[in-house]
Amino acid sequence: MNQEKKIQMRYFFEDIQRMLGKTKWRILIIWMSRSFCGIFMYRMERALYLLLGNNYKYVRIPITPILYVIQAYSNIDIHYKSNIQGGILILHPSLGVVISGQAIIGVNLTLVGGNLIGSKKTSKKGDFVIGDHCHFGGNATLIGPLILGDYIQIGAHACVVDNFYESHQVLVGVPATNYQKS
């Protein structure tokens, strides 16, 4: 269990590295950003969940008011059961971001803002997988269960409801289709 907590700390440092980019002095102000607050809250909750298991839902009750204040400030609602690897970058969190607890997401996910990664009630853990290095345009929506490959780009206002296993695809439209094949 302690190993899981260390992994979440490593992922959080990877998140910070992506937020900083090449401008390392941003570390002086980044801790005040909405993205930082929302991702920090997710990583903290995820580490506690991995440490305590299902008992975390009871520990969460007294700290819920604090979590709601941070969530209201950050406009980021990432469920602590979602499994997101390091390097998440949220560019415009004021538009809002919601990620389901069923999602398993690879490294270096980029969300422009206004994004919804949600799942149907019939989804189970492992049915909703997003590959590495994916990029979601403004207000892009995913409704799982579904599986996306690596290096997928989803255009603004696209709604993805189908699987796209191949890498390096550009998805646009409602429902989303592969732009490169059109």
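Figures for the structure shown
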{"read-out": "log₁₀ of I(q)/I(0) at q = 0.25 Å⁻¹ - segment 134-179, Debye sum with one point per alpha carbon", "value": "-0.80"}
{"read-out": "17 Å tail of the calculated P(r), segment 85-182, as % of Cα pairs", "value": "43"}
{"read-out": "Amide N of segment 63-92 lying under 14 Å from the label point, which is placed 7 angstrom from the Cα of L52 along Cα→Cβ", "value": "63-67, 80-81"}
{"read-out": "Order of exposure, largest accessible area first, which applies to Y11, Y56 with probe 1.4 Å", "value": "Y11, Y56"}
{"read-out": "Neighbourhood charge, 12 Å Cβ-Cβ cut-off, centred on S119 and excluding it, Lys, Arg +1 and Asp, Glu -1", "value": "+4"}
{"read-out": "FRET efficiency for T23 and V59, using Cβ-Cβ distance with R0 set to 45 Å, rounded to 0.05", "value": "0.75"}
{"read-out": "Over the chain: helical MRE at 222 nm, DSSP H runs n ≥ 4 each giving -39500 (n - 2.57), nearest 500", "value": "-11000 deg cm²/dmol"}
{"read-out": "Dipole magnitude of the chain about its Cα centre (Cβ charges: Lys, Arg +1; Asp, Glu -1), debye to nearest 20", "value": "480"}
{"read-out": "Heavy atoms of F13 accessible to a 1.4 Å probe, total area in Å² rounded to 10", "value": "120"}
{"read-out": "Highest-MSF residue in the chain out of I66, I99, I16 [GNM, Cα springs under 10 Å]", "value": "I66"}
{"read-out": "Charge-dipole axis of segment 48-182 as Lys and Arg at +1 and Asp and Glu at -1 on Cβ define it, positive-most pick from Q180, A140, Y68", "value": "Y68"}
{"read-out": "Largest-first principal axis extents, alpha carbons of segment 90-145, Å", "value": "30, 21, 13"}
{"read-out": "Theoretical gain in end-to-end length, K125 to Y151 [0.36 nm per residue, Cα-Cα removed]", "value": "7.2 nm"}
{"read-out": "√(5λ) per eigenvalue of the Cα gyration tensor, the chain, largest first, Å", "value": "26, 19, 15"}
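The values are calculated or read from the model by the stated rules, or taken from the named source; none is laboratory data. Remember, it's a predicted structure, so these values are computed and weren't measured experimentally. Positions of Cβ are generated from backbone atoms using ideal geometry, with glycine treated the same way; all protein chains shown enter the neighbour counts. Areas reflect the complete protein model, heavy atoms only, side chains present, ligands, DNA and RNA absent. Shrake-Rupley method; radii C 1.70, N 1.55, O 1.52, S 1.80 Å.
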